[in-house]
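Written out below as structure tokens is the structure these notes cover.
We did not get these values from a lab; they are worked out from the coordinates using the rules stated. Note that the structure is a prediction, hence the values are computed from the model and not measured. A quick note on method: Cβ atoms are made from the backbone with ideal geometry, for glycine too, and the neighbour counts reach across all protein chains shown.
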Amino acid sequence: MDVKRLAIVVGIVLIVVTIVSVIGVSVTPTAFLPGIGGVILIVLGVLASQRENLARHAMHGAMLVALLMALGSLRVFTLLGNPDANPIVIAGQLITLGASVVLLVFGIQSFIAARRARST
């Protein structure tokens, strides 16, 4: 899958995580963070797909958003042993972490391949 499309798919996943978290748990300011990141990823993915001259910049921005989302979701490991932690919160953070890491891995591989192609 193309990294531009993957950014859009991950953005949609993060928005769905936000909707489920808000409906299933409660409305808190931090519950909206995955959705905000998701909207940004969708915008950057669409921008990279439609404007080839901005694709590199948009994908670097998407990798930054994915990194921030992954770092923010690392808190899930403090919740795993807590019997009072809400399972919806844990699942949402695990999905956010996984989707962000997948996007980062494929994005970094794409950057490496592009650099190698330019140097040969």
**Study point:** Linear extension gain, residue 75 paired with residue 102, 0.36 nm per residue minus alpha-carbon span
**Key:** 7.9 nm
Check your understanding: So how strong a dipole does the chain carry about its Cα centre when Lys and Arg Cβ are +1 and Asp and Glu Cβ are -1, to the nearest 20 debye?
Key -> 520 debye
Review point. If you take the charge dipole of the chain about its Cα centre, with +1 on Lys and Arg Cβ and -1 on Asp and Glu Cβ, which of 104, 50, 19 is farthest toward its positive end?
Key: 50
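Using Cβ counts within 10 Å as a stand-in for footprinting exposure, how do 33, 14, 68, 80 rank, fewest first?
Values: 33 19, 14 29, 68 14, 80 10.
Ascending number of Cβ neighbours within 10 Å: 80, 68, 33, 14.
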Exercise for review: Give the relative contact order (percent, whole number) for the chain; include only Cα pairs under 8 Å separated by 6+ residues.
Suggested key: 29 percent
Practice item. Provide Rg and Dmax in Å for the stretch 22-100, with only Cα atoms included in the calculation. Key: 14.8, 50
